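Notes follow the structure.
The values are calculated or read from the model by the stated rules, or taken from the named source; none is laboratory data. None of these values were measured; they are calculated from a predicted model. Note that each Cβ is placed from the backbone with ideal geometry, even for glycine, and that neighbours are counted across all protein chains shown. Accessible surface areas use protein heavy atoms only, side chains included; no ligands, DNA or RNA. Shrake-Rupley method; radii C 1.70, N 1.55, O 1.52, S 1.80 Å.
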Amino acid sequence: MSRLDPGPLEFFARQGYLMVPDLFPPEALAPLRTELTELVHREALRLCAEGRLSRVYEEEPFERRLTRLYAEVGDEILKAITGRGGGGHSGRALFELITHPGLLATVESFIGPEIVGSSVYRIRPKIPQMDRGVVPWHQDSGYFAPHCDQSLVLTCWIPLVDATVETGCLQVLPRVHDQGVFRHYTHGPGGYLFIQDQDLPSQEWLSVPVPAGGVLFLTNCTPHRSLPHHTDVVRWSLDARYQSAEVPNNAGQPPEDFDASLPAYEQACYPPEADFVVQSRLHPEKVVRHWEEFDQLRQRYEKLRPPSPQRGWVPAPQD
Ligand SMILES: O=C(O)CCC(=O)C(=O)O
């Protein structure tokens, strides 16, 4: 799989989303699944040693082990995976997946050859009944600085297991991504920003199942959400984002250099986390090629997070 044909790109431009079912060969997801299994195992051993967990549930498969662990220790088992909501896990296999040549070739079809890995990537082990597993309606731009609203920051939503309606795949509101950023409110379910139903156009929403190996592409202005799920499967997924190097970013800039007084176009779309160049024909020397470099960058930002963009969102009025 490489560059996309005009047909799917036109679909994306019209609808604001595109699901490609077979972007990765089956073996491409295996290293990240293994890396996450090892991480979960280390964390489980630590919690057992601290007397907080009865056993490590090693017999459970990748799809179910975290459900069992979470039932005993809750969020504690997730900390090393999700971090403070920012860096979280930044291992070799994660880096290799978000810089996978097939993925980057496809991303290039949307945003051109000068590609910056947007700072905002998230590993989401969506566990049944977990508060933060339910993500309400939002546009990713609701989190980004307003000066990036007109630019494409491409979300690539990558399930590590089959994502179905039963396990809480994403839902999208098609054909409204050219209507700007809707009003978001703070303190939504799970602590997320959210858009109230009555503020959204009355289009039909769509559930978009994605098989493992597939990718769901979204614009930063496509409203989307994910619903609760009630099976005991962990719907592991990774959402990574990419933007053209022409879109404001903080690639190559240490967090200490963040300066809120600079003009907006010199500030990253999302300053708290580290953007990084993943492909460049004009400046190959700027490409981050080794996961250790990526990891150090992410950890540095995790320690000293520049402030989040302020868009003036407030809590929703009470009825
Ligand atoms: O993975 C999910 O459940 C939600 C993902 C999401 O909202 C996003 O990637 O912006």
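Students sometimes get this wrong: rank LYS286, LYS303, LYS126 by accessible area, probe 1.4 Å, all chains present, largest first.
Order by accessible area, largest first: LYS303, LYS286, LYS126.
In percent, how large is the relative contact order of region 1-91, given Cα pairs closer than 8 Å and 6 or more residues apart? Please report the intermediate quantities before stating the final value.
Working: 50 pairs, mean separation 16.9, N = 91.
Once normalised by length, the contact order is 19 percent.
Given the options ALA49, ALA212, ALA30, state which has the largest fluctuation in a GNM of the chain using a 10 Å cut-off (strictly under) for Cα springs.
Greatest mean-square fluctuation among the candidates belongs to ALA49.
Need the list of aspartates and glutamates near LYS303 for cross-linking: C-alpha distance under 13 angstrom, and skip anything on the same chain fewer than eight residues off.
Output for LYS303: GLU256, GLU273, ASP295.
Rounded to whole Å, give me the distance from the Cα center of region 32-97 to that of region 152-191.
First find each Cα centre; the distance between them is then 25 Å.
Based on the Cβ-Cβ distance of GLU10 and ARG281, what FRET efficiency does E = 1/(1 + (r/R0)^6) give at R0 = 35 Å, to the nearest 0.05?
Once the sixth-power term is evaluated, E becomes 0.85.
Students sometimes get this wrong: rank GLU256, GLU204, GLU302, GLU273 by accessible area, probe 1.4 Å, all chains present, largest first. Walk me through the intermediate numbers first.
On the way: GLU256 105, GLU204 150, GLU302 30, GLU273 5 Å².
Highest to lowest solvent-accessible surface, that is GLU204, GLU256, GLU302, GLU273.
Restricting to DSSP H runs of at least four residues, report the calculated mean residue ellipticity at 222 nm for the chain, -39500 (n - 2.57) per run over all residues, nearest 500 deg cm²/dmol.
Result for the chain, helices only: -7000 deg cm²/dmol.
Based on the inverse mean of 1/r over its pairs of different Cα atoms, what is the Kirkwood hydrodynamic radius of region 138-223, in Å? Show your work: numbers first, answer last.
Details: mean 1/r = 0.0722 Å⁻¹.
Across region 138-223, the inverse of the average 1/r is 13.9 Å.
On a 1.4 Å probe surface of the protein chains, which of TYR242, TYR143, TYR265 comes out largest in accessible area, and what is the full order?
From most exposed to least exposed: TYR265, TYR143, TYR242.
Quantify, in whole percent, the carbon and sulfur part of the accessible surface of the chain (1.4 Å probe; protein heavy atoms only).
The computed percentage sits at 53.
Suppose a student asked you for the relative contact order of region 172-319, using Cα pairs under 8 Å spaced at least 6 residues apart; what percent would you report?
Working: 141 pairs, mean separation 36.3, N = 148.
Worked out over region 172-319, it gives 25 percent.
What translational diffusion coefficient, to the nearest whole µm²/s, does region 199-250 have by Stokes-Einstein, given a Kirkwood radius computed over alpha-carbon pairs, a temperature of 25 °C and 0.890 mPa s viscosity?
Approximately 169 µm²/s, per Stokes-Einstein.
Taking the Cβ of ASP239 as the center, what net charge do the other residues with Cβ under 10 Å away carry, scoring Lys and Arg +1 and Asp and Glu -1?
Numbers: positive: ARG122, ARG124, ARG241; negative: ASP140.
My count for the surroundings of ASP239 gives +2.
Please list the radius of gyration and Dmax for the chain, considering alpha-carbon atoms only, with Å as the unit.
For the chain, the Cα radius of gyration and maximum Cα-Cα distance read 19.0, 57 Å.
Accessible area of PHE12, 1.4 Å probe, to the nearest 10 Å²?
20 Å²
Using a basic spin-label model with each label point 7 Å from the Cα along Cα→Cβ, how many nm lie between ARG305 and TYR265?
Each label point lies 7 Å from its Cα, and together they span 3.0 nm.
Work through the residues other than LYS286 whose Cβ is under 15 Å from its Cβ and net out their charges, Lys, Arg +1 and Asp, Glu -1.
Summing Lys/Arg as +1 and Asp/Glu as -1 gives -3.
Along the Cα→Cβ direction, 7 angstrom out, place labels at CYS48 and TRP205. What is the inter-label distance in nm?
Simple spin-label model gives 4.0 nm for this pair.
Could you check which residue among HIS41, HIS229, HIS184 shows the biggest mean-square fluctuation in a GNM of the chain with a 10 Å Cα cutoff?
Judging by the Gaussian network model, the answer is HIS41.
Could you grab the relative contact order for region 254-319? Cα pairs under 8 Å, six or more apart, rounded to a whole percent. Intermediate results must be reported in sequence, preceding the final value.
Working: 49 pairs, mean separation 26.9, N = 66.
Worked out over region 254-319, it gives 41 percent.
Tell me the net charge near PRO248. Cut-off is 12 Å between Cβ atoms, PRO248 excluded, with +1 for each Lys or Arg and -1 for each Asp or Glu.
Values: positive: none; negative: ASP149, GLU246, GLU266, ASP275.
Net charge in that neighbourhood comes out at -4.
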